1. Report, in whole Å, the centroid distance computed from the Cα atoms of segment 129-165 and segment 199-216.
2. Run the quick spin-label model on Leu124 and Glu380: label points 7 Å from Cα toward the beta carbon, then report their separation in nm to one decimal.
3. I need the phi-derived Karplus couplings for segment 67-78: 6.51 cos²θ - 1.76 cosθ + 1.60, θ = phi - 60°, integer Hz, Gly and Pro marked x.
4. Keeping to pairs on different chains or 8 or more places apart, tell me how many lysine pairs in segment 308-428 have Cα atoms under 28 Å apart.
5. Using only alpha carbon pairs under 8 Å that are at least six residues apart, calculate the relative contact order of the chain and give it in whole percent.
6. So how do 242-254, 341-353 stack up, highest first, on mean other-Cβ count within 10 Å?
7. Looking at Leu435, Cys375, Phe142, which one has the Cα that reaches farthest to the positive end of the dipole of the chain (charges on Cβ: Lys, Arg +1; Asp, Glu -1)?
8. Which whole-Hz ³J(HN,Hα) couplings does segment 213-229 yield from phi under the Karplus relation 6.51 cos²θ - 1.76 cosθ + 1.60, θ = phi - 60°, glycine and proline marked x?
Amino acid sequence: MKIAVIGGAGVRTVIFINGLLKRCHKLHIDEVALYDINREKLQIIEKLCTHVVRRGESDLKVYAAEDAKEAVMGADYVVTTLRVGGDHSRTVDEEIALRCGVIGQETTGVGGFSMAARTIPVLLEYCGLIKKYAPEAWIFNFTNPSGLVTQTLKNAGYDRVIGICDAPSSTKFRMAKYLNVPEEELYVEFFGLNHLSWIRSVKLSGKEMLGELLEDNAFLEGVEEFQRFEPGVLRLTGLLPNEYLYYYYHREKALENIKKAGSARGRNIEEINRKMFQELQGMDADSDPEEMLQTFLYYMQQRENSYMAVETGGKGRPMKERGQLPVPEGIGYAGVMLDCIEGMQSEKGRYLVLSVENRGALPQLADRDVVEMTCLVSKEGIQPVKVENPPEDCMLLIHSIKHYERLAAEAIVEQSREKAVRALMLHPLINSYSLAEKLLTEYGEAYGGLFGAN
């Protein structure tokens, strides 16, 4: 079976390939085609992936395709992981938002809207190619903002699309690690939307643990995702949060921390990536591929260690010296995708958190609305776990963001400034007509007329 990666020059591709090595035979995958419009970066990533395959003594075939058609032709699974506009576009998105006094994080609020506006038209073109040359392929959308992007692709009639995010799986991994229990024995149930979800149940051996965990200060401090929040807000809601709820529950703190830092995370990531590829370009993959890999891993460590550090006022994790850095085995996006493929090939199935159509799982939302839920994935299909009587406070926020996503998707496809203004007016992190107009004008100037007219 074949996997195609559209956006294959992204830095996570190396980690994705490493995670695949131990499972490719079990999942019947023998070929991975990488495609990216940035050929220079793609050549570097291809060399790193080739070395990872060789050091893993695997027969997995990984190669850079000449064009998108070659990449997707006959693929069984397609990964879409795009950043239209490159790393600098994220910096632009975040800094325009900051000048206007709002949070511009790339998946939440106006930063996510700008990224989606640039990305969705390009993704729709790729999906057209996939429909033509690999009509039975499952599309795993890693592209942010995952929920909004997946919703738009579904609206366009691409039914075999699954939105992937690693935040819930990473949270579950760290919860199990803190509790010192095997991850597969811990049941953690999420409900909501991408980057707007809550944990409503935590069970070990059938025993519900959520209540006692919420009262356990050591647990809340010991799991990275929860230590960012004041314990009071978690006990007030009676739920454990997706870490991106920090931007809603502690909005003024996040904004103030970004202002103190002078810029959001995007500029930091842009600089790390620039230095990394500059150094990698000067290295010889044939004479010392391991040195090249260690250099890559060192800079990736810098990226990961800065995650949400600016917004929360944290210092990041401690750094390790290059030389003996291990290649991550794909716990993140790659791990979720591979777990999904494994579930789809199994009789018993497994529980995973995915962005899929609601189909009655969350009351008061339409069946076609894309939600992020715990799902049972098996040969029988993907079935989101139904939520009975979700808290009204959560549903009010879910309804607000889902209505924003509906309008945003229509605005981007139709290029309607009116709907774009309405969408941003409704978003809780903006919630202002004058701000929505100002933001759209500034993004339009930065990107050459984006939403310049009704």
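Quick note: the coordinates plus some simple rules give every number you see, no bench work behind them. Treat the numbers as computed from the prediction; the structure is a model and nothing was measured. Positions of Cβ are generated from backbone atoms using ideal geometry, with glycine treated the same way; all protein chains shown enter the neighbour counts.
1. The two parts, judged by their Cα centres, are 34 Å apart.
2. Reported label-point gap for Leu124 and Glu380 is 3.6 nm.
3. 8, 5, 4, 4, 4, 8, 3, x, 6, 8, 9, 10
4. Taking the Cα cut-off of 28 Å, the pair count is 4.
5. The value is 16 percent.
6. Ranking, from highest mean packing down: 242-254, 341-353.
7. The residue sitting farthest along the positive end of the dipole is Leu435.
8. Once rounded to whole Hz, the list reads 5, 5, 8, 9, 4, 5, 5, 5, 7, x, 10, 3, 5, 8, 5, 6, 9.
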